[in-house]
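Quick notes on the structure that follows.
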Amino acid sequence: MKRFFTLLMTLTILSLACIPSALAADASAACYPSSVTRSEDGREVRKVYDLGPEEDPAGISRSDFQQDGVRYTLVDLLKQELPENESRQHVETVTLESKNKDMASVLELLPQQREFVTDDGLSGVLTLQLDTVQVEASGYGSSTRAVNVTRSYPNLAGQDTSYIPKTIQDSGRTLTLQDISWQTDNTASLDGYAMGDRFTAVATYSGSATSSYVKGYTVTANYAGTVSRIALNKTRYVAIFEGDGPIVDAVPTETDSGSGFQFKWSYLLVPLGLIALAGGGMGAAVFLKRRHEAGEEEA
């Protein structure tokens, strides 16, 4: 009988020890998409899974989810064997800032070839398309400078400032009188009669001029070429979801991040079942032990 009790307790302890490993095995089965795309009308979402030989496609999420008020339901799960080499034509648009707009300065910022990696992992060296280079002003600023102008007013009878205009117009700007300097004219006699001293006023006017300038330029250009990748023994699965929304009051069950993870009640059912089994085993062991002891006392 003691040997039976020992065996029963050993089985109980082993069942409890299996709980963490059962949870870990279930949670690690989740698969995560390598890319998620959405149609222009928002009615179809495609999640692409590139799984290796050690990954189980059963971990691909098939549950409904919501995004932007639309509920998406799985309608198809496609399996594609990836070719050894996958390639396609690709156009990449680059945008950068330049201080100058002349083509020589712009082309110094744009190398003839650049290496790119696409969102889904294809890479390649693309070539600059010269006919796509565009340069546009990215912003304007203004600057103000002082403007000074002198005007001479000769043959004045006296040093009287009333002869001098207080403002003048110069290139469309209004300038204000700032200073006057006087010069004496040595006037020659006319018919032998002295005409007296005459004066020339040299007036200084000042104002300001505001001009605008381009702060910088935005350059856009396209690079085109072939991108490719080598498939490393992977199988591609494409989960296609269709939307039947909009639904406003429902609670989203999965975000657009495409993580593929969702809560499963089996995470709780497995350990709860093991705990119940362990508890039943311990209860049975205690019951049988007490019954055995009672039999010995009667004997």
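Need the full-extension length gain, T73 to E108, defined as separation in residues times 0.36 nm minus the C-alpha distance. One decimal, nm. Intermediate values should be presented prior to the final figure.
Details: separation 35, 0.36 × 35 = 12.60 nm, distance 5.06 nm.
Extending this stretch completely gives an extra 7.5 nm.
Mind listing the Cα extents of segment 24-87 along all three principal axes, in Å, largest one first?
38, 36, 16 Å, listed from the longest principal axis down.
If packing is taken as the average count of other Cβ atoms within 10 Å, what order do 70-79, 217-226 fall into, highest mean first?
Details: 70-79: 14.6, 217-226: 17.2.
So the order, starting with the most tightly packed, is 217-226, 70-79.
Once you have the Kirkwood Rh of segment 77-165 from its Cα pairs, apply Stokes-Einstein at 4 °C and 1.567 mPa s and quote D in µm²/s. If you can, show how the numbers build up before the last one.
Values: Rh = 20.3 Å.
The Stokes-Einstein estimate is 64 µm²/s.
Listed highest first by mean packing, meaning other Cβ atoms within 10 Å per residue, what order do 199-205, 143-149, 126-132 come in?
On the way: 199-205: 17.4, 143-149: 10.7, 126-132: 14.3.
Result, highest mean first: 199-205, 126-132, 143-149.
Each value in this text was obtained by applying a stated rule to the coordinates, not by laboratory testing. Everything numeric here is computed off the predicted structure, so don't read it as measured data. Heads up, the Cβs are rebuilt from the backbone with ideal geometry, glycines too, and the neighbour counts pull from every protein chain shown.
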